[in-house]
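Participant: Right, I'll just put the structure down here and ask away after.
Laboratory data are not the source of any read-out in this text; all were calculated from the coordinates shown. On a predicted model such as this, the values are computed, not experimentally measured, just so you know. Cβ placement follows ideal geometry from the backbone for every residue including glycine, while neighbour counts extend to all protein chains displayed.
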Amino acid sequence: MLTGKTVVLGITGSIAAYKAAELASRLTQAGARVEVVMSESATRFVSPLTFRSLTDRPVVTSMWEASSEFSVEHVALAEAADIVVIAPATADIIARLAVGIADDMIGCTVLATKAPVILVPAMNVNMLHNPATQHNLAELKARGFTIVEPVCGRLASGRIGEGRLAETEKIIASIKQILSKGNDLAGKHIVVTAGGTQEPIDPVRHIGNRASGKMGYALAEAARDRGATVSLITAPTLLPKPAGIAVTPVRTTAEMKKAVARSVAQADALIMAAAVSDYQPRKATKAKIKKEHPSLNLELIRTPDILSQVKGNFLKIGFAAESENVIANARQKLVKKQLDLIVANDITDAGSGFGVDTNKVTIIDKQGNEEALPLLSKREVADRILDRVAKLI
Ligand code: CTP
């Protein structure tokens, strides 16, 4: 899978730079053409000669040196890349990439490339947990960068903590995963809903639910990274707006229904990951309800069922978040809502609840086949769902 692929490997100034030698060597042995770009400080930790010997390619250390074919044109590497991997990525390069600084070859390449970018951070635990670094990482993630998370262990400072470069094995797995997806959803239009709808009671209060929107956002981002045109219809969430995705913010079920009807006109698939409120107050009062009554009755009426009512010739994928009889209930919904796939999860399961970054789901298709997935990150779950969608489209 790596044969003939051009991997641009950016190395920045961390003591973990020596581990990039193993990565460069393994990638080269697997058949990839590895173009190493080193920051000035990386060359203080490891010699460019090490990488030159391992990859049998010239190593770029400056935009201005004459020895490299790539320094002639500062975006040539960006264009040649099938994937760009920055390992180790220091807090400094992460900050610079987040604001788009391009005064060295790594910054230039990342800014100019259309290839996917993987960041493998390695740094001191406090630098990693600093809100500035966390903010920058979240920003880059929202822009479509893949972060191979640092692990816990002994750091260069002698302290034990999070911040060690991920294992080479893990980095290679991530590269392979991204390269294998390619653009299998290119030219497809996918509509994703996310978050929990809110039904107003009065100008201050609403009926809501605990959905964080993470599963829907992961689906939207994964579909974008596989080449799809994505429309994300989202109820309020705390998540940053993903780049390269048309986002329609909505609040109520009625608003979501309208936005879905508008967006699906040219869609190939609708994925309803939103937790849609089933009831709404019969009437939201214009004035704030005062606590003058000893008790209060709120009359609720049913909201429309968006998935059941939406019409058109596209794949319909629903979710079933259940707390009991998970599979049986999901199967019923699959039939009743005439879906192509339903993704069932048990919200009482550890790791699959609300707000967490992981999920454990079972995908059930129209023919009734079940695929039970292990506990995975929401992004991995998203990719597994999209594997099925790509086959069905
Ligand atoms: N859904 C929808 N419109 C609604 C309610 C749900 O489109 N008014 C969608 C959800 O986005 C999800 C699927 O239908 O993809 C199943 O939602 P869920 O809440 O599990 O099922 P309900 O039909 O609401 O049934 P119940 O709450 O009784 O389990």
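Participant: Tell me which of VAL8, GLY163, VAL60 sits at the most positive position along the dipole axis of region 6-179, charges placed on C-beta atoms (Lys, Arg +1; Asp, Glu -1).
Facilitator: GLY163
Participant: With runs of 4+ DSSP H residues as the only contributors, calculate the mean residue ellipticity of the chain at 222 nm using -39,500 (n - 2.57) per run, divided by the residue total and rounded to the nearest 500.
Facilitator: -9500 deg cm²/dmol
Participant: Just subtract the alpha-carbon distance of TRP64 and ALA261 from 0.36 nm times their residue separation and send over the number in nm, one decimal.
Facilitator: Numbers: separation 197, 0.36 × 197 = 70.92 nm, distance 5.38 nm.
So the extension gain works out to 65.5 nm.
Participant: Further, regarding this structure: How large is the dipole of region 106-247 about the Cα centre if only Lys and Arg carry +1 and Asp and Glu carry -1, each at its Cβ, rounded to the nearest 20 debye?
Facilitator: Roughly 180 debye for region 106-247.
Participant: Quickly work out the ASN369-to-GLN309 label distance, labels modelled 7 Å from Cα along the C-beta direction, and quote it in nm with one decimal.
Facilitator: 3.4 nm
Participant: Right, here's the next one. Computed FRET efficiency, Cβ-Cβ of THR285 and LYS114, R0 41 Å: what is it to the nearest 0.05? Mind dumping the intermediate values first?
Facilitator: Values: r = 52 Å, r/R0 = 1.26.
That pair, THR285 with LYS114, gives E of 0.20.
Participant: Here is a further query. What three numbers, in Å, describe the spread of the alpha carbons of region 256-393 along their principal axes, ordered from the longest?
Facilitator: Principal extents (Cα only, largest first): 57, 38, 25 Å.
Participant: In percent, how large is the relative contact order of the chain, given Cα pairs closer than 8 Å and 6 or more residues apart? Walk me through the numbers before you get to the answer.
Facilitator: Details: 859 pairs, mean separation 42.0, N = 393.
For the chain, the relative contact order is 11 percent.
Participant: Continuing with this model, one more query. Which of the aspartates and glutamates could be linked to LYS141 by a straight reach, that is with a Cα gap under 18 Å, when you skip same-chain ones fewer than 8 residues away?
Facilitator: ASP92, GLU149, GLU221, ASP225, ASP357, GLU380, ASP383
Participant: Need one number: % antiparallel among DSSP beta bridges in region 6-179, to the nearest 5. If you can, show how the numbers build up before the last one.
Facilitator: Numbers: 4 of 21 bridges.
Around 20 percent of the beta bridges assigned by DSSP in region 6-179 are antiparallel ones.
Participant: Another one. From the residues VAL34, LEU23, VAL84, which one has its Cα farthest along the dipole of region 6-179 in the positive direction, the dipole being from +1 and -1 charges on Cβ of Lys/Arg and Asp/Glu about the Cα centre?
Facilitator: Checking the options against the dipole of region 6-179, the answer is LEU23.
Participant: For labels at ILE160 and ILE301 in the simple 7 Å Cα→Cβ model, what's the distance in nm?
Facilitator: 6.1 nm
Participant: Under unit Cβ charges (Lys, Arg +1; Asp, Glu -1), what dipole magnitude, rounded to 20 debye, does the chain have relative to its Cα centre?
Facilitator: Numbers: 48 positive and 40 negative charges, 286 e Å.
Roughly 1380 debye for the chain.
Participant: Report, in whole Å, the centroid distance computed from the Cα atoms of region 303-382 and region 72-148.
Facilitator: 34 Å
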